[in-house]
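**Q** I have a structure here, written as structure tokens, and I will follow up with some questions on it.
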């Protein structure tokens, strides 16, 4: 299942091919010389990653964080399955002190990105409570009476990318018509657009989800505004008329009303936001090389279809609205923010840098390290402007064995406060513990960004690390995945 390194995937130097940190540093600094790279992995207590931090009224004893993910492995009724519980147990042994959402949980059944995504509802409360319980039990079994992790729940609606039924068909609900994305999900008329009354109902669903999360004992809820899902799409609803589109004030009205309702109905529950702070025009496969290229945009016309996009040059980012968004979070007394970028559906090279694309993707149009640098520079820029916020960084798994060397410098130099890992936590969940306790990593467990964890769910399979995690490699789905990967990308 490992891609052939002699194939066209090898246009860019593989991170794993570097023999030592000096070689990696040279590669990285050719692309982005400002990014710090330490010479060695530092153990606690001497590591910047071992420095404590107050989050949600509690003290986190380190700066490692697990990103929210979806395993496509819940029950049809929205409850967690055995693989979901296993994943959360592994989060518990990770050593990370913040579990950001742990899982993307839909606030409405029709808002699921797949028919096995979790849902927060009355009939799923016991199952969601069990997720938190196994997380804390696993942490206690591994680390004893040391401080337990701070755990949140990410609340979401998949919007344009909703596929809630067993048939896997798209059932998009959208904020506005998008001429470049509508055809990808089968939108042909305005019936998929949520009207204002439906938006008001959606706001109430998020508030109800937050109330339930508080009852379950979660420390915070993340009101998800990233990766092309519904609330992120509303941030780019420049062309939508009415109270939820047009001006930035209107495009953030949903967030303000959700936060107001959460503060009213769930007092004491902390609110966080994961946001795609930059974006770009959608990409597609190019010519024979299959590298991603931006979709065509009429020349001379501003691109008014996104958030964090340079309207004059939509293949590039613009942080001006991101700055205004974080200023709003500060006004709302939201101090915990997770910065991401792009979407796995229309520009995955930005959202999840990888050398090997998923089955529905394209070869990277730039060295993935450059894509990582886009995240790092955006995170540093906004952290410097909002020093009072606790800022988490993303897109770091591509750094592979040099992730801790870079992460130490990023935290020490104030680029970010928390180091988030997603894909890496699937193959190597206890990387944070190994870093802080031993100052070294198990190279054979490091995620090499083969994208099987994305290709599998694109084919209707569960998501996990099939190459490195035997629990997934031994599943019958592993053979299905092998066949799926042999098909040409469409």
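Every number in this text was worked out from the coordinates using simple rules, so none of it is lab data. As the structure is a prediction and not an experimental result, all values here were calculated from the model. Here Cβ is always computed from backbone atoms with ideal geometry, including for glycine, and neighbour counts include all displayed protein chains.
**Q** Would you mind ranking 311, 389 so that the residue whose beta carbon has the fewest other beta carbons within 10 Å leads the list? The partial results should precede the final answer.
**A** Values: 311 14, 389 17.
Sorted ascending by nearby Cβ count, the order is 311, 389.
**Q** I've got another one for you. Return the calculated 222 nm mean residue ellipticity for the chain, to the nearest 500 deg cm²/dmol, obtained by summing -39500 (n - 2.57) across DSSP H runs with n ≥ 4 and dividing by the residue count. Can you show the working numbers first?
**A** Values: 16 runs with 162 residues, N = 490.
Value at 222 nm, helices only: -9500 deg cm²/dmol.
**Q** Taking the beta-carbon count within 10 Å as an exposure proxy, list 454, 449 from fewest neighbours to most.
**A** Lowest to highest Cβ neighbour count: 454, 449.
**Q** Shape verdict for the range 102-249, please, from the Cα gyration tensor: rounded (a/c under 1.5), prolate (a/b greater than b/c) or oblate. Mind showing how you got there, number by number?
**A** On the way: a/c = 2.46, a/b = 1.98, b/c = 1.24.
Taking the square roots of the gyration eigenvalues as a ≥ b ≥ c, the range 102-249 is prolate.
**Q** Could you tell me the distance between the Cα centroids of the range 413-481 and the range 8-57, to the nearest Å?
**A** Taking the Cα centre of each part, the range 413-481 and the range 8-57 sit 18 Å apart.
**Q** In vacuo Debye scattering of the range 125-184, one point per C-alpha: log10 I(q)/I(0) at q = 0.14, 0.20, 0.29 Å⁻¹?
**A** -0.65, -0.82, -1.17
**Q** Highest first, please rank the peptides 45-54, 252-261 by the mean number of other Cβ atoms sitting within 10 Å of their residues.
**A** Details: 45-54: 15.8, 252-261: 19.7.
The packing order, highest mean first, is 252-261, 45-54.
**Q** Quick one: grab the alpha carbon gyration tensor of the chain, order the square roots of its eigenvalues as a ≥ b ≥ c, and give me rounded if a/c is under 1.5, else prolate or oblate depending on whether a/b is larger than b/c. Walk me through the numbers on the way to the answer.
**A** Values: a/c = 1.25, a/b = 1.09, b/c = 1.14.
Here the chain falls in the rounded category.
**Q** Relative contact order of the chain: what whole-number percent is it, with Cα pairs under 8 angstrom and at least 6 residues apart?
**A** On the way: 1006 pairs, mean separation 82.2, N = 490.
Computed value for the chain: 17 percent relative contact order.
**Q** Can you bin the range 305-444 into rounded, prolate or oblate? Criterion: square roots of the alpha carbon gyration tensor eigenvalues sorted a ≥ b ≥ c, rounded for a/c under 1.5, prolate for a/b above b/c, oblate for the rest.
**A** On the way: a/c = 2.16, a/b = 1.17, b/c = 1.85.
Oblate.
**Q** With a bin width of 5 angstrom, please list the P(r) values of the range 222-353 as percents of all Cα-Cα pairs, from the 0 bin to the one holding the largest distance.
**A** All Cα pairs, binned at 5 Å, distribute as 2, 11, 19, 22, 18, 13, 7, 4, 2, 1, 0, 0 percent.
**Q** Counting DSSP beta bridges in the range 8-486, what percent are antiparallel, to the nearest 5? Let's see the in-between values first.
**A** Values: 7 of 40 bridges.
For the range 8-486, the DSSP antiparallel bridge percentage is about 20.
**Q** Test of understanding: ordering 380, 264 by Cβ neighbours within 10 Å, fewest first, what list do you get?
**A** Details: 380 20, 264 10.
Listing 380, 264 from fewest to most nearby Cβ atoms yields 264, 380.
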